[in-house]
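Novice: Input: one structure, supplied below.
Throughout, read-outs are computed from the coordinates displayed, never taken from laboratory work. Note that the structure is a prediction, hence the values are computed from the model and not measured. Virtual Cβ from ideal backbone geometry, glycine too; neighbours counted across all protein chains shown.
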Amino acid sequence: MPGTAATSRAADRRAFQILWFGQFAAIAGLTVVVPLLPFYLAGLGLPAGEVAWWAGVSLAAPAVTNLISAPLWGMVGDRYGHKAMVVRAHAGLAVAVGLMALADTPGEFLVCRLLQGACGGVVGPTATYASTLAAPHRRGRVLGSLFGATGAGCLLGPLVGSMLAGRFGYGALFACVAGLLLVAALLALSMLPHRRTVPRHRPEAGERPTLREVLRRIAAHPLGRTLVLAGMLGQAAVFALVIVFAPQVERITVSVSSATVWVGVLQATMWAACLIGGPWWGRRNDRGGAPVSFAIAAACCALAVALQGLPTVPEFLVPLRIVQGFCFAALAQSVLYVVCQIMPEQARGTALGTTTGLLDIGQVCGPLFGALVTGLLPLSGTFVAIGTLLVAASGLALLGARPRRAHSRPPATPVVPALPEVKP
């Protein structure tokens, strides 16, 4: 009936808005401290020579525990519903960040970061729930808009965080972030409808695959294994760039204070481009060829990264960061899009949780690679080395798409109500 369909579309639209806000809040909350982490750790009494080591370990810690917990939470969501996992992710992050406000030593802060990875992990459950809101031919638009929320969070989080920390201190900053995450959890709890990818009463649902079976299916599928590996390389490249980007900006500016301003401006430029690029790549994926989208984006991103070691004035970095941000927005969402295609509905939460956990390996390995090439190559050469990771990612995506192009099209599935266009 027309009235019922309109009501369903309105409910889907509201659910997506809640998911978008939740992902924005989580990403903004988790990125507020990243640029300030060395200052925060120094304030906990660390000697200057140990700050860099503790900062690196603290940055990587959530990815380590999320690699283990994300597939397990995905399995729970497949069995009991994905709304519970969205609420759990935001509530878990709220608890972890709230405890950071009470940390008095670097060790206590590290434990909180490990708890963050174990209890949090917003991207997987949010993407899984969002995949139930749209028909397959509109799934790319949904995932693209969610990654637009990631860009918005990364754009505003560090900016607001630096102002709050400077004015009120880190304890108040963590408390505000925890409060924002708690609001997101309460909104999800009270307003998201319960959803499972496949209702229990459907006879065609079959047995839910085990975690081992999910891993085997991803590894056995040409697109699955190559695109997940490509996504890991892409993540590693982006996090390796964190190690070398600020020194490059400092090298081509007149002072440390000027370099600090330019790093902030260039970071904001990149994430603003990511905010725009996320929905654009999502719509392109809906038209078919997500692996090709990944390959094109990774190749363009590789060129933009490799050239960042050449400018002698910071203004010339602006267009390169725009290209990098716009193209980076395609990478993770294209991987998740393909995983949604190749996995059965009843295992989608497990599959997406596993995939996000695997992508986090790049977050751990990337800074190590960046530190390694920094010690072996001149600064300009490190950007070329990091760019080669993205070239390899592009090649892997094309390799996976070549033998079985049919997998780049969504499989036939039952029609569900389409999600109205949402402009984040």
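Novice: I'd like the distance separating the alpha-carbon centroids of region 43-83 and region 316-372, in whole Å.
Specialist: One Cα centre to the other: 16 Å.
Novice: Also: Let's test the formula: R0 of 22 Å, r as the Cβ-Cβ distance of residue 280 and residue 135. What FRET efficiency results, to the nearest 0.05? Working shown, then result.
Specialist: On the way: r = 20 Å, r/R0 = 0.90.
That gives a FRET efficiency of 0.65.
Novice: Calculate the FRET efficiency for residue 189 and residue 265 from the Cβ-Cβ distance with a Förster distance of 51 Å, rounded to the nearest 0.05. Let's see the in-between values first.
Specialist: Details: r = 38 Å, r/R0 = 0.75.
That gives a FRET efficiency of 0.85.
Novice: List the relative contact order of region 211-409 as a percent without decimals, with contacts defined as Cα pairs under 8 Å and 6+ residues apart. The partial results should precede the final answer.
Specialist: Working: 305 pairs, mean separation 85.4, N = 199.
In percent, rounded to a whole number, it is 43.
Novice: Rounded to the nearest 10 degrees, what's the angle between the helix 106-119 long axis and the longest principal axis of the chain, both from Cα atoms, 0 to 90?
Specialist: Relative to the chain, helix 106-119 is tipped by roughly 20 degrees.
Novice: What is the projected area of the convex hull of the Cα atoms of region 73-152, averaged over all directions, in nm²? Please report the intermediate quantities before stating the final value.
Specialist: Working: hull surface 24.3 nm².
One quarter of the hull surface, i.e. the mean projection, equals 6.1 nm².
Novice: What spacing in nm lies between the two simple spin-label points modelled at residue 168 and residue 211, each 7 Å away from Cα in the Cβ direction?
Specialist: Roughly 3.8 nm, to one decimal.
Novice: Follow-up. At what distance in nm do the modelled label points of residue 254 and residue 371 sit from each other, each positioned 7 Å from its Cα along Cα→Cβ?
Specialist: In this crude label model, residue 254 to residue 371 measures out at 3.5 nm.
Novice: Between residue 388 and residue 57, how high is the FRET efficiency from 1/(1 + (r/R0)^6) when r is the Cβ-Cβ distance and R₀ = 41 Å? Nearest 0.05.
Specialist: Working: r = 26 Å, r/R0 = 0.64.
Step by step, r from the Cβ atoms, then E = 0.95.
Novice: For the chain, take the longest principal axis of its alpha carbons; what is the angle in degrees between that and the long axis of helix 256-286, to the nearest 10 within 0 to 90?
Specialist: In the chain, helix 256-286 runs at an angle near 20 degrees to the longest axis.
Novice: Please give the calculated 222 nm ellipticity per residue for the chain, where each DSSP H segment of at least 4 residues contributes -39500 (n - 2.57) and the sum is spread over every residue; nearest 500 deg cm²/dmol?
Specialist: On the way: 16 runs with 328 residues, N = 424.
Only helices count here, giving -26500 deg cm²/dmol.
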